[in-house]
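Each remark here refers to the structure printed beneath this line.
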Amino acid sequence: MLSIVPTPLGNLEDMPPRALRALREAAAVYCEDTRRTRILMTHFGLTTPVLRYNERDERDNRRVLERLKAGDRIALVSDGGLPCISDPGRRLVALASREGVPVTVLPGPTAVEAAVAGSGLPGDSFVFLGFLPRTPSKQRKILQETAALGRTMVVYESPYRVKDFLALAEETLGAKAQCCAVRELSKIHEEWLRGSLAEVRVLLTSRPELLGEFVVVLHPEEAPEHA
């Protein structure tokens, strides 16, 4: 059995009880960064072996698969949130499924859902774009194609590139497009910036330094007078 286990985005109080049980009962926990995952395990008094998993290394995929086929219960985690959602895990899930290995997913924290819920933008239908390509022309094309759907869109961005991204998004979608930028979601310095794309861009551009990962929620239409 392969269990896809969510872990807190930053606040350890968000750890689901069912996820703790899955980690406790697993024969091994595979993760992106053993140092970060061991901090989590130690905090909750879990002693299950923690091993690094590199999705791009087919030897790692086969190694985990062999354990699964031998009957081991394996838990897969990422550094925070739900594996396979802009985090490693997809290849292992696909491989396990093809080989007839049972796969279960435990619901839990994901940054995209939390950001949409708190953005104030339409959440009945949205497009999750994850981390966009680095090339501005590719970013612009993706934003244009998504905007044509008239749906809310969600992007993950680093603090080092978020200013440039917002500038490009403003050029592409217009200054009055709706925007919510969430920084350090669920952590001590969590911050929500809401307004037009131009307003949010100006707020962030005025700061000499930005820290923490961003989730940027956009809607191509101007905010209605009465939300």
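Every read-out reported here was derived from the displayed coordinates using simple, explicitly stated rules and does not represent laboratory data. If you're wondering where the values come from, they're calculated on a predicted model, not measured in any experiment. Ideal geometry is used to build each Cβ from the backbone, glycine not excepted, and the neighbour counts take in all protein chains shown.
What list do you get for C84, C179 if you sort them by fewest beta carbons within 10 Å?
Details: C84 18, C179 25.
Taking fewest neighbouring Cβ atoms as first place, the list is C84, C179.
Considering only L92, V64, L76, the residue lying farthest towards the positive end of the dipole of segment 2-105 is V64, judged by Cα position with unit charges set on Cβ. Starting from the 7 Å offset along Cα-to-Cβ, what nm value, one decimal, do you get for the label separation of R161 and R36? Output for this residue pair reads 1.7 nm. Ignoring lysines fewer than eight residues from K163 along the same chain, the ones with Cα atoms less than 30 angstrom from its Cα are K138, K141, K176, K187. Comparing P136, P17, P49 in a Gaussian network model of the chain where C-alpha atoms under 10 Å apart are linked, the largest mean-square fluctuation is found at P17. The slack between E199 and L46, meaning 0.36 nm per residue of separation minus the straight C-alpha distance, is 50.5 nm.
Pulled fully out, how much extra length does the chain show between V105 and E66, if you take 0.36 nm times their separation in residues and subtract their Cα-Cα distance?
Between V105 and E66, full extension yields 12.1 nm more.
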